[in-house]
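The values are calculated or read from the model by the stated rules, or taken from the named source; none is laboratory data. Being a predicted model, the structure only gives us computed values, none of them experimental. Cβ: placed from backbone, ideal geometry, glycine included. Neighbour counts: every protein chain shown.
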Amino acid sequence: MDDDEELLSGRKARRRWMIALGFIPLLAAIGFGVWYFMDKQRHEGNTVRVDQVTGAAFGCVGSIRGEAPENWSLARALEHMSYMERRTREGGPALAEERARFAQLATDAARGCEELGTLMLSAQRDGTNLYFAVPAALAHPPDMDDPERWFRRVLPDTRPDAEELSRQIRVMAETINARRAEHSLMAQELPVEGRGASHLARQIEVAPIPRDRESPQTHVWPMPEAIVVIRRASIGRVPCDTRYLNRSSCLNEYVQHISWDGEPSEPVALERPARVQYWSAFAPTPDGSIWAIGVDSDDEAVAGEYRPGETTPELMPLEATIDATANIVAVTGGVAVFPPDGSAWFKRNGAPSFEQVSTTPPPLVVGTRSGGAARGVELESVGELSITGSAEDGYTSRMTPVGEDEDVLLRMIDTGSRVQTIASLRALRSGRAVAVLQRHEEAPDAIAITPDFGRSWLAAE
């Protein structure tokens with residue numbers, strides 16, 4: 001090979017290298033373009049997924065809150081739904097309505113969480129590196145063939161469990177917003193915190209009975225002008241057994257009035273005339289009087305009227321057969337007595353005496369149905385009011401208005417209070433109602449007031 005051929009051969013080699021080197025930037029540019037396109041496509045796909053998870057999480061959290069109002073925190077909503085879940089495990093026709101309500105709420109919750117569980121499975125299957133901190137209870141799609149069973153499994157069993165699930169959902173909300181920030185999306189707020197004011201009911205203490213009295217009883221009636229409280233208590237067992245044959249004779253009575261603004265009056269002792277052995281029952285009337293029925297020293301039935309401001313009654317005979325189980329009730333136009341033999345006696349306002357009747361007018365104060373405060377009070381033209389809960393779960397009132405679709409749920413008493421039970425619930429036909437709270441084992445000792453049949457409660461100070 002001569003010099004010219006060697007020279008020509010070197011030039012060809014260099015030309016090849018130059019061509020090859022020229023293709024490298026082009027290939028790099030093409031590779032970068034492909035990578036950029038794929039990365040952008042992946043980023044856009046992740047952005048869509050983050051947005052989808054946000055919407056699904058909002059729907060899921062909103063649905064597991066159940067029927068809780070917006071002003072309740074998630075923890076309080078979960079406590080309420082957990083109580084409803086435990087309560088509806090029981091049998092009996094009295095809970096049929098609540099079980100049906102819970103079943104519908106379970107179906108709504110399953111539908112609300114179905115998309116979130118599906119997205120989580122999809123993210124796991126696609127191997128995406130997105131992390132949303134979805135709680136395990138919500139990360140799997142619900143069984144739509146049995147949503148109630150799924151919802152019962154999701155709801156926490158105890159208050160600490162409710163607080164823990166609420167904490168996990170808060171972490172999920174923070175994590176979702178962190179992913180949204182990474183993908184240039186606006187932060188979104190899940191329905192975790194309560195919105196608006198949420199006032200607990202004021203617990204108004206009734207006057208204590210004298211310290212030397214035993215076996216206290218508390219009776220409360222809402223009246224148009226004020227709430228009437230009569231507390232009864234016995235003298236000591238030993239002097240009672242020594243002096244009297246009938247234990248009801250050992251009872252003394254004290255009356256107190258509480259205004260609808262929650263202001264209590266001083267208690268006043270009611271005197272029982274010497275000729276009256278004992279009083280069986282009492283009934284305040286709208287004019288401010290307090291009626292009583294009992295037995296006199298001749299074992300004959302007797303009625304007494306304590307006029308407004310008086311502590312000594314005016315007595316009148318009653319032909320009915322009365323014992324300690326008889327009852328007297330304020331009714332429209334007068335008062336009615338119900339002896340243990342099943343008869344009924346009515347005294348019309350202004351009439352001189354009681355007369356036996358076949359039917360009596362409706363009572364002015366409406367009490368709860370069989371089952372107590374949890375079964376509630378029903379006013380035909382207003383709606384239904386009930387109170388459910390326990391010392392561990394707190395107490396919630398439910399008002400079901402006539403002609404309206406949504407119930408009014410209010411948190412009356414929070415967990416950790418001294419209230420052991422709701423001893424009674426009574427209402428006027430105007431809608432003013434009183435719940436009697438038992439905070440000690442002996443007798444109820446406080447009340448809560450609603451002026452509008454459970455749409456609001458006199459708030460704690």
Taking Gly288 as meeting all but one of (1) at negative phi; (2) buried (at least 16 other Cβ atoms within 10 Å of the Cβ); (3) outside any strand (DSSP E or B); (4) in contact with a Lys or Arg (Cβ under 9 Å, 6 or more places away or on another chain), write down the number of the exception. (1)
Of the conditions (1) of a type in the set (A, V, I, L, M, F, W, C); (2) in contact with a helix residue (DSSP H, G or I) (Cβ under 9 Å, 6 or more places away or on another chain); (3) under 16 Å from Gly66 (Cβ atoms), Met144 clears all except one; give me its number. (3)
Note on region 211-243: residues among the small types (Gly, Ala, Ser) and at pLDDT 85 or above are Ser215, Ala226, Ala233, Ser234
So if I check each of Ala330, Ala336, which one is free of Cβ contacts under 8 Å to residues at least 40 places away in the same chain, surrounded by 21 or more Cβ atoms within 10 Å (Cβ to Cβ), of a type in the set (A, V, I, L, M) and not in a loop (DSSP other than H, G, I, E, B)? Ala336
Can you find a residue that is β-branched (Val, Ile, Thr), crowded, with 19+ Cβ neighbours inside 10 Å and not assigned by TED's automatic domain parsing to the domain that holds Arg429 anywhere in region 301-310? yes
Of the residues Val192, Val171, only one is β-branched (Val, Ile, Thr), free of Cβ contacts under 8 Å to residues at least 40 places away in the same chain and under 22 Å from Ala68 (Cβ atoms); which? Val171
Near pairs, Cβ below 6 angstrom, 6+ apart or cross-chain, from region 135-149 (in the same structural domain as Leu78 (by TED's automatic domain parsing)) to any residue that is hydrophobic (A, V, I, L, M, F, W, C) and modelled with pLDDT under 90: Ala139/Met120
Expected single match for surrounded by 13 or more Cβ atoms within 10 Å (Cβ to Cβ), closer than 22 Å to Ile322 by Cβ and either in contact (Cβ under 8 Å) with a residue 60 or more places away in the chain or under 32 Å from the mean Cα position of the chain (by Cα) (or both) among Ala283, Ala233 is Ala283
Does Arg411 meet the test of being surrounded by 20 or more Cβ atoms within 10 Å (Cβ to Cβ), over 17 Å from the mean Cα position of the chain (by Cα), assigned to a strand (DSSP E or B) and touching a residue at least 40 places away in the same chain (Cβ under 8 Å)? no
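Taking Gly416, is it assigned by TED's automatic domain parsing to the domain that holds Pro222 and on the phi > 0 side of the Ramachandran plot?
no
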Based on what the data block shows, is Gln256 surrounded by 13 or more Cβ atoms within 10 Å (Cβ to Cβ), within 33 Å of the chain's Cα centre (by Cα) and in a strand (DSSP E or B)? yes
Do we have Phe132 as more than 18 Å from the chain's Cα centre (by Cα) and in a helix (DSSP H, G or I) here? no
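Residues Glu163, Glu193: which one is under 22 Å from the mean Cα position of the chain (by Cα) and assigned by TED's automatic domain parsing to the domain that holds Glu67?
From the options Glu163, Glu193, the qualifying one is Glu163.
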Can you name the condition, by its number, that Pro156 falls short on among (1) in contact with a Gly (Cβ under 8 Å, 6 or more places away or on another chain); (2) touching a residue at least 60 places away in the same chain (Cβ under 8 Å); (3) of a type outside the set (A, V, I, L, M)? (1)
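Each row is one residue, and each column tells you yes or no for (1) touching a helix residue (DSSP H, G or I) at 6+ places or on another chain (Cβ under 9 Å); (2) at pLDDT 95 or above.
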{"site": "Gln277", "(1), (2)": "yes, no"}
{"site": "Thr285", "(1), (2)": "no, yes"}
{"site": "Ser289", "(1), (2)": "no, yes"}
{"site": "Ala292", "(1), (2)": "no, yes"}
{"site": "Ser297", "(1), (2)": "no, no"}
{"site": "Glu305", "(1), (2)": "no, yes"}
{"site": "Leu318", "(1), (2)": "no, no"}
{"site": "Thr321", "(1), (2)": "no, no"}
{"site": "Thr325", "(1), (2)": "no, no"}
